1. Given contacts defined as C-alpha pairs under 8 Å and at least six residues apart, what's the relative contact order of chain B, whole-number percent?
2. Partner chain Cβ atoms within 10 Å, averaged over the residues of A:72-78 - can you pull that number for me?
3. Would you mind putting B:3-9, B:23-29, B:78-84 in packing order, based on average other-beta-carbon counts within 10 Å, highest first?
4. Identify all aspartates and glutamates with a Cα-Cα distance to A:Lys55 below 13 Å; exclude those on the same chain that are fewer than 8 residues away in sequence.
5. Give the average over all directions of the projected area of the C-alpha convex hull of region B:20-74, one decimal, in nm².
6. Using only C-alpha atoms and all pairs of different ones, pull out the Kirkwood radius for region A:1-46 in Å with one decimal.
7. Radius of gyration and Dmax for chain B's Cα atoms, expressed in Å?
8. Looking at the square roots a ≥ b ≥ c of the eigenvalues of the Cα gyration tensor of region A:1-79, which shape do they give, rounded for a/c under 1.5, prolate if a/b is larger than b/c, or oblate?
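Here, each number is a calculation from the coordinates, and none is a lab measurement. None of these values were measured; they are calculated from a predicted model. Here the Cβ is made from the backbone with ideal geometry for all residues, glycine too, and neighbour counts use every protein chain on show.
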Amino acid sequence: MFPLSLLNAATDNQILIELKNGFCYNGLLVNCDKFMNVNLKDVTLTSKNGQEFWKLNSCYIRGATIKYFQVEPELADRVKDDDGFSGGAVSRSAPPLSVRGRAAAAAALRPRSLSARASVERRLQDSAISVHPTSHTAA
Amino acid sequence: MAAELGKLIDHRVMVLTNEGRTIVGDLAGLDQSINLILRDSVERVWSSDKGMELVPSGGLSMLRGDSVAAVCELNADADAAMDWEAVKADAIPRLKP
């Protein structure tokens, strides 16, 4: 499953987010986007040393500042891969032709090829359609 | 590059973070930015005066790619054969930017 799909599946659920500065935000996930920017509500903020605490009604966290986040393990079953954002801040790629599961994940992770023909061939390969070149007689 | 790591999905991996933390978990997913989803992850804390300690990190966690220094496939048999609690080691320093 894609990390951003997991994040999307976590909306309206408790989430723990640790930032790169060591501060820990524990709250309900309201919203997120493809940059991993998030909106939380009813947040408990804990300082790095674990000595100071804050209660925040709502907060916005920039994705680039996140070190990691934790969610309920049950969420793994609720992740829908087709509506997730594939790839980090790179532009969205069009989904491959009717592929599923691991093949889809593998296909999304492969780098884009140099030639258009090679990329079309690869897409067709992924969807297990075989292509036979039509024969052309040289003029 | 991420495609190579895709082969490790559903395997037990060890992740070295930029802070020098060692986290072991089942790789449940990743993307092009090497954001990683780990299931049942445990942090291995090393110190030079006492043996290795384990700090569980919760069932399902996601590590952001820009904090990841290395992702390694764990050899489950070799790992189980080691008596890690007896091993003393210096903590890995944080990566200098």
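1. Across chain B, relative contact order equals 31 percent.
2. Neighbouring Cβ atoms belonging to other protein chains average 3 per residue here.
3. B:23-29, B:3-9, B:78-84
4. A:Asp42
5. Projected over every direction and averaged, the Cα hull of region B:20-74 covers 4.0 nm².
6. 10.8 Å
7. Cα radius of gyration and Dmax of chain B are 13.4, 40 Å respectively.
8. In terms of gyration-tensor shape, prolate.
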